[in-house]
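Enquirer: Before we start, here is the structure in question, set down as C-alpha cells.
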Amino acid sequence: MRNENSDNMTMDRNGGSNERFASGTARKQASPRRNSRFKANKGGNSRFTDKQGKAVKASSGRGTQNRNTQNRNTPGKNIQKISSGKSTTQKNPQSRALPAKSQPKPSGNRSRKGGSKLKIIPLGGLEQIGMNITAIEYEESIVVIDCGLSFPEDDMLGIDLVIPDVTYLKENIRKVKGFVITHGHEDHIGALPYVLREVNVPIYATKLTIGLITNKLNEHGLTRSTKLKEVKHGQVINLGDFAIEFIKTNHSIQDAAALAIYSPVGIVMHTGDFKVDYTPVFGDAIDLQRFAEIGKKGVLALMCDSTNAERQGFTMSERTVGRVFDNLFNENRSSRIIIATFASNVDRVQQIINTAYGYGRKVAVEGRSMVNVITTAAELGYLRIPDNTLIDIDQVKDYPDEKVVLITTGSQGESMAALSRMAANIHKKITIKPNDTIIFSSNPIPGNEKAVSKVINELSMMGAKVIFQDVHVSGHACQEEIKLIYSLVKPRYAIPVHGEYRHLTAHRHIVEELGFPKENIIIMSSGNVLELDENGAEITGSVQTGAILVDGLGVGDVGNIVLRDRQHLAEDGIMIVVMTLERHTNVVLAGPDIVSRGFVYVRESEDLMEHAREVVNQALDSCLDHRITDWGKIKTEVKDALSGYLWKKVKRSPMILPIIMEA
C-alpha cells in the first residue's frame, strides 16, 4: 500500500438543506465547533486556515482530506485515514428531495448531460449466497461496492474458492475510481486479493474492515501495491461523479456500513448486510435517524439485503446470546467447554470471553482464521480481553478441564477446520474427552447441513455432549426490519439484493405489502444493466459475468471441461489402455495392457479385465484389416469398443484413455 496524499475531499454531514460537498468552491461559513476556517482560492484549490491565520493547503481533486488530527493510529504505516468530526442531525424537518442540480455533488463534477443515466450492474451476489459485487456507473465514473467470494458447490471437485468474473471492470478500468466495502465478511472482501491484480484501484472501508483486508493482502504480497483508505461512519468521500456516505449499521461483524451514493441523477442507498440491533454488544445501534434524514431528501433507489426476507418478525439482538452462554456455562461447570463459531463474529467471541472470565476460565483460540481475526480486532480496539485470560493452545493441558474454554473454527463442518480434525481424532494438540461440552454457536449455511451433522455425530460417538440449539442469532434483517428501512427511506425504486431467487422474491412481496407499485420493484440477475433516472428505470442489456474457479495457486485455469472430467473420474473411475505399435506397419509389438483406477478392484475382477483385453485386441485387428493407420482413429475405435463392452457387462462408463507408444 502506498502512503500517498489523499486526492478526494471528504466532509461530515450537516443538517437540513445546508449540506454541500466540496466542488472547488468552499463553504462561506464553517461550523463553530471546528478550530479552522475553510477558504477557497481563485484557482480552485482550497485551504484551511487555523486560528492564527496560517494556511494549510488541501487538494480538491480526487482524494480525501484528514480533518481530525486526534484520531488513533491504525496498525500499518500505509493505511490512510479519512476522518471527520461529529456528525450533526437534520435541522430542517421540512426539507424535500433536492433538484438534480442542487444535490450534493463531488468535487469537480461536470453538469449532467441530458441523456445520461445511472447504471447499476451487479457482477455477482444475485440468485446465490455470496460473491457480492456491484458496479455503479455514471458517464466516465464507476464505483464498485464490495468484492466477495463464494465457496464451491458440491460438484466443484477440488475447487477452493469461487470469485466473480470482472471482465467488465477490466474493459473499463479507466473509469473505475475505487472499491467501497460495506463490511469485512469473506463474501464481501474475499475476492479482493485476486481482483486487485487486474483492477488495482483504491479501497475505501471502515477501520476493522481495513484491518481484515490488510491481513488478506499481506498473505498475497499485495500490501505495497494497494491503496487502503479508512473511512468513518458519517463521512462522505468523492469518487469521480459520485459522493458516497458511510452510515452506521449493525451486522454479525462490527463496523458494518450502509452506503448513500449521491449521483447527478439522484440518491441510491445500499444497505449492505444489516440488522436492526438496539442493544449491540459493541458500539452504537444502527443510525436509523440518518436513514430517515436521507429519505426526506428523496431517494431514487434502495438496494436492500434480502438474506432473511423469508423470516417473519425481527432478528434478535446479539446480546441475547450472551445470556444463553451464561446459562450453559452454569450448567456445565465441571466440563471443558469447546465453542465453534464464525471467525468473523467478533461480538460473539467477546461474549464468550466475558462469560469465561466471569466463571474464572482461561480462553484458548484455535483455527488460523479465528486467530487472525481476534488478533486484528484486539489490536484495533474492537475486542476487549481481560488480563491473564487468553492462553496459548499449547497451555490448555496445564489447566483443569473445568477452567478452560476453547474457541474454535469448524462450525460449518469444514473438513480441515479445527473442530472437524478434533472430531476425526487427528488434531495434534486437542483430544475430545467424554466429559467435554461442545457448543455450536452458528446455524448451518444452506448446503453444509450434512457436513455439520457428520461432525456432530463423530463428537457424540466420542462421548462429548453436543449443544447446537438456541446459541445463535442471525446478522441479517427479517421482514419487519426490512419494512422499517423502506418506511424511513421511501425510495422510488426497490432493488432487492443479496440472496437466492427465492429470497429476492420474498423481498418483493414485502415491498408490495408496503404499497409499492409492482413496476417499481426490480429483481435483477447478475450481469443485468439497469439504467435509471428520475424519469424511469429499465434493464437495457447485460455484461459478461460468471464464476472464476480458484484451485490452489491457479485462478481461472479450471473450467467446465476440467470439472466435468473430475466428476466423471469421481463417479466411474478410469481405465488406461497402453499399447506399442510398429512405426510403419502398425503391428502390435506389446500390449495391450490395461490399468484401472476407481473402476473395479482388479484382483477380484480378473476375468473382466482379461475379456477387456480381448475386446481391445479385436478392435486393433479390425483397424489393421481395414487399413486404418491414423492413430487418432485407432484410439477412437479402441475406446468405443471397450466402452460398449463395459457398459454391457457392468453398466458403468469409466473414462477410457488409450495410449499408443511408437517403436
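Enquirer: Any idea of Glu310's accessible area? Nearest 10 Å², probe 1.4 Å.
Expert: About 90 Å², rounded to the nearest 10.
Enquirer: Sticking with this structure for a sec: Could you tally the net charge around Asn330, taking each other residue with its Cβ under 13 Å from the Cβ of Asn330, Lys/Arg +1 and Asp/Glu -1?
Expert: Around Asn330, the surrounding residues sum to 0.
Enquirer: Could you check the simple spin-label distance between Ser653 and Ser622, using points 7 Å along Cα→Cβ, in nm with one decimal?
Expert: 1.8 nm
Enquirer: Please list 345-355, 629-639, 159-169 highest first by mean number of surrounding beta-carbon atoms within 10 Å per residue.
Expert: The packing order, highest mean first, is 345-355, 159-169, 629-639.
Enquirer: Now a separate question. Once amide H atoms are built 1.01 Å from N in the peptide plane, which residues 5 or more positions from Ala191, or in another chain, come under 5 Å H to H?
Expert: Gly148, Leu149
Enquirer: Can you pull out the GluC sites (Glu not before Pro) in region 188-294 that DSSP calls coil and that have at most 13 other Cβ atoms within 10 Å?
Expert: Taking region 188-294 and a limit of 13 other Cβ atoms within 10 Å, the loop GluC sites (Glu not before Pro) found are Glu198.
Enquirer: PRE reach from Lys433 (point 7 Å along Cα→Cβ): which of region 383-413 fall under 19 Å by backbone N?
Expert: Backbone N within reach: 391-408.
Enquirer: Would you mind getting me the FRET efficiency between Tyr501 and Ala378? Use the beta-carbon distance for r and R0 = 41 Å, nearest 0.05.
Expert: About 0.55, to the nearest 0.05.
Enquirer: Right, another one. Quick one: P(r) of region 215-261 from all Cα-Cα pairs, 5 Å bins, percents rounded to integers, in order of increasing distance.
Expert: In order of increasing distance, the bins hold 5, 18, 19, 17, 18, 20, 4 percent.
Enquirer: Take the Cα of Ser453, step 7 Å along the line toward its Cβ, and report every residue of region 400-418 whose backbone nitrogen sits under 16 Å from that point.
Expert: Only 412-414 fall inside the zone, counting backbone N under 16 Å.
Enquirer: Also, I was wondering about something else. Mind giving me the FRET efficiency for Asn330 and His220? R0 is 41 Å, r the Cβ-Cβ distance, nearest 0.05 is fine.
Expert: The formula returns an efficiency of 0.40 here.
Enquirer: For region 164-171, take each phi angle, set θ = phi - 60°, evaluate the Karplus expression 6.51 cos²θ - 1.76 cosθ + 1.60, and give the result in whole Hz per residue in order, putting x for glycine and proline.
Expert: Working through the residues one at a time gives x, 7, 10, 3, 4, 5, 5, 5 Hz.
Enquirer: Summing +1 for each Lys or Arg and -1 for each Asp or Glu, what net charge is found among the other residues whose Cβ lies under 13 Å from the Cβ of Ile548?
Expert: -3
Enquirer: Where in region 117-132 does the label zone of Thr540 land, with the point 7 angstrom along Cα→C-beta and an amide N cut-off under 17 Å?
Expert: From region 117-132, the list is 117-122.
The values are calculated or read from the model by the stated rules, or taken from the named source; none is laboratory data. Just so it is clear, the structure is predicted and the values come from calculations on it, not from any experiment. For neighbour counting, all protein chains shown are included, and Cβ atoms are generated from backbone atoms with ideal geometry for every residue, glycine included. Accessible surface areas use protein heavy atoms only, side chains included; no ligands, DNA or RNA. Shrake-Rupley method; radii C 1.70, N 1.55, O 1.52, S 1.80 Å.
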